[in-house]
Structure formats: structure tokens, C-alpha cells
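To start, the structure under review is shown below, and the notes come after it.
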Amino acid sequence: MARRSLVVGNWKMNGFKADGLALARALAGRMRHRGDARFEMALCPPFTLIAAVGDAIANSGIALGGQDCHPKPKGAHTGDVSAPMLKDLDCRFAIVGHSERRADHGETDALVKAKAEAALAAGLTAIVCIGEREAERDAGRTLQVVKTQLLGSLPKGAAPATTVVAYEPVWAIGTGRTPTTAEIGEVHALIRSELAQALGKTTAEGIRLLYGGSVKASNAKEIFAVDGVDGGLVGGASLDVDEFWAIAEACR
Ligand code: PGA
């Protein structure tokens, strides 16, 4: 099954109204002009900007996503945002289990799985993030760590329309360092084969696997050419119109 490339901009905790809207409008303009984009693009602004960015990208074909969601649909959870609330703002995606959430908020695989299942229940596509820390790679434990996180975080009902997996080595995020293309290929092959065992070959073949961690215009083409890489989850470089657009254009 052909998998359409996907490039996701994770703005993290960046952006005020003026610059967030300028970025969204510029990307929407390029996307409308492009027309026949081979790739799908999604923007995940901070919660404060989702509604405004949604207006700015209306009818451009760019999708909207949240950077996190709570496992419960509503209730007494001060400061949290639920998956149905994201859906209410016309989001298509919710990132879950980003390593910054795992590190800053102690999120476990079980919690990430519950969040992913909440996203699916709300009709969103979960972008499930997994990836090893530097010490784990140095200890030769990368494949084991990635496998454990994948199987522990994957939502029940994972399917091509509901689930995207993002492999993001923690040591590559925001550092300017990336694994070699061979290392990325090795991990993506492992993820695909574990998905096949868990969900069956046909389902596994349809699920998109993104790479994330210091993707830039200068390395995107080489990374996206790796077998099994279906696009990127982009942090820092997604805050610059030209840089992010060039990354998207590097999709297969
Ligand atoms: P980076 O972040 O592109 O700034 O390395 C990627 C991510 O955290 O999703």
C-alpha cells in the first residue's frame, strides 16, 4: 500500500499570535499555490494558537494537530486539554508521548497508550512518539528500548487512518545531531516488523513511520530517502517558513 508522506511541524512552546499567524498564513499560501503537493502537512501549534492557526490555514489542505491530550474526555483536570476539545477545533492529529512530555511530566508508556486511545476515540489520528536516550544507544539497547516503548504505547485499534509512529532519538532532538541513515533505517525496519507482528502485515504496511530529531532542509532529502521513512516530525526547523517548506518538498 502506498503511504503518503507526512510532514508535521511541532512548534512546541513557541509562538505568539503575530508570528504564529504569519508562519501559518505563509505556509497556507504556499500550499494553496502548490496544489498538487505529494506530501501531507500538519501544524501542531501550542494550545493557545490552535484556533487562530486553524482559521489561517482554512482551505489550504494543511491539517491541524495538538501537541498532547489528556486520556479523559473531560472533567476536573486543571490545565489539561482533552482529545474531543482538539477535535472541536478541527484538529486531525494529536502528538502523544513526545520525549519532552515523557521527561518533563513523567509520562509512561501506559499513559501514552491511554492518551493515544483517547485521541482515537475522539476521531483523531495519534502521532505516537518513541525513541532511545543517548545512554541507551551507547549501551547498544536502542532496538530493545524502541520495541518496548512501541508495544507499550501503541493504542488499541491502531490502523493506518488512526495512528502514525514517530521515531525520535532523544539525543537528536534540538541538538543538530542525527543518527546515520543506516541507523534510522534499522530502527524503522524494527518498528515495521513489530507492527506487523502486533497488527498483521497489511495494517503495518499502511501505518506511516516518521523520523524526528534535527530534521533540516539540508538533511531532509537524505533522511526521507531511507526505506521505511514516510516523512518527518519537525521541531525547530518548522518555525521558519522557507526551512519547513523545503523539508516538505524533500518528501518522496
Ligand atoms: P527538533 O525537534 O526538530 O527541534 O530536533 C523534533 C521534535 O522534538 O519533534
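Is it the case that the range 21-34 has a residue that's in a loop (DSSP other than H, G, I, E, B), within 24 Å of LEU209 (Cβ to Cβ), at pLDDT 95 or above and not aromatic (Phe, Trp, Tyr)?
no
Which one of these does ILE95 not meet: (1) at pLDDT below 95; (2) within 22 Å of VAL215 (Cβ to Cβ)?
Unmet for ILE95, out of (1) at pLDDT below 95; (2) within 22 Å of VAL215 (Cβ to Cβ): (1).
Looking at the range 94-106, I want the residues that are surrounded by fewer than 18 Cβ atoms within 10 Å (Cβ to Cβ) and among the aliphatic types (A, V, I, L, M) and have a partner that is modelled with pLDDT of 95 or more and assigned to a helix (DSSP H, G or I) with Cβ atoms under 9 Å, at least 6 apart or on another chain. Which pairs are those?
Hits for this filter: ALA103/VAL170.
Do we have any residue at all in the range 209-217 that's more than 10 Å from the ligand (Cβ to nearest atom) and among the basic types (Lys, Arg)?
Taking every residue of the range 209-217 in turn, none turns out to be more than 10 Å from the ligand (Cβ to nearest atom) and among the basic types (Lys, Arg).
Picking from GLY235, GLY231, GLY206, which residue would you name as being more than 15 Å from the ligand (Cβ to nearest atom), of a type outside the set (Phe, Trp, Tyr), under 25 Å from GLY61 (Cβ atoms) and touching a Lys or Arg at 6+ places or on another chain (Cβ under 7 Å)?
Values: GLY235 fails: more than 15 Å from the ligand (Cβ to nearest atom); GLY231 fails: more than 15 Å from the ligand (Cβ to nearest atom).
Every option except GLY206 fails the conditions.
Among the residues of the range 1-39, write down those that are basic (Lys, Arg) and within 16 Å of the ligand (Cβ to nearest atom). Outline the logic, then answer.
Applying the first criterion (basic (Lys, Arg)) to the range 1-39 yields 3-4, 12, 17, 25, 30, 32, 34, 38.
Passing the criteria: only LYS12.
With respect to the numbered conditions (1) surrounded by 20 or more Cβ atoms within 10 Å (Cβ to Cβ); (2) more than 17 Å from ASP227 (Cα to Cα), which one is the sole condition not fulfilled by ILE191?
ILE191 satisfies every listed condition except (2).
Does ALA56 meet the test of being surrounded by fewer than 19 Cβ atoms within 10 Å (Cβ to Cβ), out of contact with any strand residue (DSSP E or B) (no Cβ under 7 Å at 6 or more places or on another chain), at negative phi and modelled with pLDDT of 95 or more?
On the way: surrounded by fewer than 19 Cβ atoms within 10 Å (Cβ to Cβ): no; out of contact with any strand residue (DSSP E or B) (no Cβ under 7 Å at 6 or more places or on another chain): yes; at negative phi: yes; modelled with pLDDT of 95 or more: yes.
Judged against the criteria, ALA56 is not a match.
Kindly list the number of the only condition in (1) over 30 Å from ARG30 (Cβ atoms); (2) without any contact (Cβ under 8 Å) to a residue 12 or more places away in the chain; (3) surrounded by fewer than 18 Cβ atoms within 10 Å (Cβ to Cβ) that fails for ALA121.
All conditions are met except number (2).
The values are calculated or read from the model by the stated rules, or taken from the named source; none is laboratory data. Nothing here was measured: the structure is a model prediction, and the numbers come from that model. With ideal geometry, Cβ positions are generated from the backbone for all residues, glycine too; neighbour counts draw on all protein chains shown.
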